[in-house]
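So the structure is just underneath, and the comments pick up after that.
Throughout, read-outs are computed from the coordinates displayed, never taken from laboratory work. Just so we're clear, the structure is a prediction, and the values are computed from it rather than from any experiment. Reconstructed Cβ throughout: ideal geometry from the backbone, glycine too, with neighbour counts over all protein chains shown.
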Amino acid sequence: MRRYHFDLVDTNTVLGAGGSLLDHDDQARKAAHGLVLEGRETRPELVGRGYVAIVRSDAGDEISRTAVDHPGGNGDGGE
């Protein structure tokens, strides 16, 4: 298992969302998507402010970026 770190980020702020041990990158992407969906419900004040959930490997490599503002999308135009 590999450790992944999850952060909620806007242009000026990083809100650490924690870390998880997961089997592979795809699980980390799905976990980030779930965090974004949950955040939209529990912290609606974050919607419309440019926040993204960023997943990084333990080595610091970015695995994915999911926008809080755009249901089903991510911050880099993919997904």
(request) Please give the FRET efficiency for Thr42 paired with Arg2, using the beta carbon to beta carbon distance and R0 = 25 Å, rounded to the nearest 0.05. (result) 0.40
(request) Please work out whether region 2-67 counts as rounded, prolate or oblate from its C-alpha gyration tensor, where a ≥ b ≥ c are the square roots of the eigenvalues and a/c under 1.5 means rounded, while otherwise a/b larger than b/c means prolate and anything else oblate? (result) prolate
